[in-house]
Amino acid sequence: MEARNALKQRTGAWMRANLTTQGYGVSDDERRSLGLALRFSTGTCLMLVVVALALESPVLVFALSGIGLIAGVTARHPFDYLWNHAARHLTGGPPLPSNPTRRRHAFKIATAWLLVVGTLLAAGATTVALVLGGLLVAACAIVTATNLCLPSEALAWWERRTTRKEVITT
């Protein structure tokens, strides 16, 4: 039982750290209460991308890239509004906070990825589009299941590498 509790605590700390990397500053209690809410937009996109790829529909992929663009340049993902004004009332969940900068940058990366996949589908390069789309599905599934956002991790790593450390003199 103790080992199970320790594993649960380590997992919770890891998932909170993943959210911190995305730019959220949340406690374990906040993380637990926002668990479903923070997964709603990525989970909804995940399902829609799977449908778009199954249908091999460049139109649907391009529509999803438009949603991603809005998510990348505004404080709210369009599906956050669906959560805040409808789904949360059905689940009893809390309202979503605004998306932090790193999460919005991740949405911009997904938007570019969707544009490439849509262009490949429209050009008839279906196999390449489906492979790249499958990689996007995998990345989206990872963030939806674990809060581990690979683009946010890469951006955080880049920021650590490029941030100058200034020497303070007195």
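Just a yes or no: is a residue in the range 100-109 part of a loop (DSSP other than H, G, I, E, B), within 13 Å of the chain's Cα centre (by Cα) and of a type in the set (A, V, I, L, M, F, W, C)?
no
For the range 22-43, give me each residue that is buried (at least 19 other Cβ atoms within 10 Å of the Cβ) and either part of a helix (DSSP H, G or I) or of a type in the set (Gly, Ala, Ser) (or both).
Across the range 22-43, the qualifying residues are 22, 23, 31, 37, 38, 40, 41, 42.
Would you mind stating whether residue 119 is within 25 Å of residue 13 (Cα to Cα), in contact (Cβ under 8 Å) with a residue 60 or more places away in the chain and either in contact with a strand residue (DSSP E or B) (Cβ under 8 Å, 6 or more places away or on another chain) or not in a loop (DSSP other than H, G, I, E, B) (or both)?
no
Go through the range 26-50 residue by residue and tally those that are at pLDDT 85 or above and farther than 10 Å from residue 144 by Cβ. Even if it seems obvious, please write down each step before you answer.
Our first condition is that a residue be at pLDDT 85 or above; within the range 26-50, this holds for 33-50.
Narrowing further to those that are farther than 10 Å from residue 144 by Cβ: 33-37, 48-50.
Number of matching residues: 8.
Residues of the range 67-86 being surrounded by fewer than 17 Cβ atoms within 10 Å (Cβ to Cβ) and touching a residue at least 40 places away in the same chain (Cβ under 8 Å), which ones?
Restricting attention to the range 67-86, the residues satisfying the condition of being surrounded by fewer than 17 Cβ atoms within 10 Å (Cβ to Cβ) are 70, 73-75, 78, 81-82, 85-86.
Residue satisfying the conditions is 82 alone.
Hey, any hits in the range 16-23 for a residue that's farther than 21 Å from residue 135 by Cβ, within 12 Å of the chain's Cα centre (by Cα) and not small (Gly, Ala, Ser)? Talk me through it step by step, then tell me what you get.
Just the residues of the range 16-23 that are farther than 21 Å from residue 135 by Cβ, to begin with: 16-17, 19-20, 23.
With within 12 Å of the chain's Cα centre (by Cα) added as a condition, the list becomes 19, 23.
Those left that are additionally not small (Gly, Ala, Ser): 19.
Yes.
Of all residues being of a type outside the set (Gly, Ala, Ser) and buried (at least 16 other Cβ atoms within 10 Å of the Cβ) in the range 51-66, which is nearest to the chain's Cα centre (by Cα)? Just the residue, please.
Among them, the one singled out is 64.
Just a yes or no: is a residue in the range 141-157 surrounded by 15 or more Cβ atoms within 10 Å (Cβ to Cβ), out of contact with any strand residue (DSSP E or B) (no Cβ under 8 Å at 6 or more places or on another chain), of a type outside the set (A, V, I, L, M, F, W, C) and not in a helix (DSSP H, G or I)?
Yes.
Report, by residue number, each residue of the range 58-110 that is within 21 Å of residue 30 (Cβ to Cβ) and touching a Pro at 6+ places or on another chain (Cβ under 7 Å).
If the condition is that a residue be within 21 Å of residue 30 (Cβ to Cβ) and touching a Pro at 6+ places or on another chain (Cβ under 7 Å), then 84, 88, 106 are the ones that fit.
Name the pairs: first residue in the range 141-170 and modelled with pLDDT of 90 or more, second residue in a loop (DSSP other than H, G, I, E, B) and surrounded by 11 or more Cβ atoms within 10 Å (Cβ to Cβ), Cβ to Cβ under 7 Å, at least 6 apart or on different chains?
As it stands, the answer is 142/148; 143/149, since those pairs meet every condition given.
The values are calculated or read from the model by the stated rules, or taken from the named source; none is laboratory data. These figures come from a predicted structure and were not determined experimentally. Note that each Cβ is placed from the backbone with ideal geometry, even for glycine, and that neighbours are counted across all protein chains shown.
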